[in-house]
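Enquirer: This is the structure, below, for whatever I ask next.
The values are calculated or read from the model by the stated rules, or taken from the named source; none is laboratory data. The structure presented is a predicted model; accordingly, all values stated were derived computationally and were not measured. Glycine gets a Cβ as well: all are built from the backbone with ideal geometry, and neighbour counts include every protein chain shown. Accessible surface is based on the protein model in full, side chains and every heavy atom, while ligands, DNA and RNA are left aside. Shrake-Rupley method; radii C 1.70, N 1.55, O 1.52, S 1.80 Å.
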Amino acid sequence: MRRTIVQLLTPMIQLFANLTSNRYDPGEFAKFAEDAGFDGATCSDHYWLREAAPHVWVALAAMGCATQRITIAPSFVNNLARSPFEFVQASVAMHRLSGGRFEAGLGAGWNENEIVATGQTYPSGPQRARMYREALLIARQLLTEGRCTFVGEHYRMEVPFIEALRAPEIPLVASVGGSWTMRHITPLVDRVELKFGRTTRGGSLDIPALASVTQDELVGMIAAVREVRPDIPIGLFVLFAAGESAAVEAVRASMGDNLCAEFVGDPKRVLDRLRSLESLGIGRVQLTELVPGSLERLGEAL
């Protein structure tokens, strides 16, 4: 595809392919993403969702070793399942292993079933949000100073100076969705990814809630983040389905006619709609397929 001089001088929106299933080999998945023209490959951090999930750090290591160009990142490390110290320790290792192509993304955690089923406590929404903020404060201090002294409501840490932990160049990324996280998390990080918070507020993915999301709602979320940090890069988490199969048609039927329905169907049309998000202020889209094979079909459209 030929681009004009203006287009060449203006970076297009970045597209990241997200790995959520152990049906795919992580290294092969990331190599596919790189060869197809995606800008990055990510891996979700779950024990399982609809099926068994890959271990986030093992998968990311395989991704980093299999690629040379694209950014590698988690989507996102689950703060309910990981210590913020482990998050930083592994992030520094991944950053070095990937030759500086790693971004450290931390999320609050939202899937209640996997947490409760594995014998852990699933905190309330406000508790998870405050735990999340404290974990990001700890992560920032460790990355910036290589040490951490912290006493909070949920965490207490006294980590002595460890030279190998200090890596202020690693971008710290957070997922935000509700008004509280937009106000209190956005100031702490280098990049945010918007997630429609009400779609997982009950501890599981709510498809009807996802189908009801409008573009005006997205525009309002972008404005809320910009009010806190006018210059912060903003990404968007998108669930999509590309192709013409019966499975894709079923997803289309469930999505109604609001914003998320535009990310279902013909791969070229889906790609055009994803790229149009740049006009709203979105610089990156992280793509999770609702129908297996959708990323491959979108890659062909790239």
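Enquirer: Hey, among the residues in segment 130-174 that are surrounded by fewer than 16 Cβ atoms within 10 Å (Cβ to Cβ) and of a type in the set (S, T, Y), which one's farthest from the chain's Cα centre (by Cα)?
Expert: T149
Enquirer: Does at least one position in segment 175-193 carry a residue that is open to solvent by 30 Å² or more (accessible area, probe 1.4 Å), in a loop (DSSP other than H, G, I, E, B), without any contact (Cβ under 8 Å) to a residue 60 or more places away in the chain and under 30 Å from E278 (Cβ atoms)?
Expert: yes
Enquirer: Going through V58, V77, V116, V88 one at a time, which residue ends up being among the aliphatic types (A, V, I, L, M) and more than 18 Å from the chain's Cα centre (by Cα)?
Expert: V116
Enquirer: Select, from T71, T144, T118, T149, the only residue that is in contact with a helix residue (DSSP H, G or I) (Cβ under 9 Å, 6 or more places away or on another chain) and on the phi < 0 side of the Ramachandran plot.
Expert: That would be T149, the only listed residue that is in contact with a helix residue (DSSP H, G or I) (Cβ under 9 Å, 6 or more places away or on another chain) and on the phi < 0 side of the Ramachandran plot.
Enquirer: Here is a further query. Quick test for you: out of Q127, Q89, pick the one residue that is under 30 Å from Q215 (Cα atoms) and touching a residue at least 12 places away in the same chain (Cβ under 8 Å).
Expert: Q127
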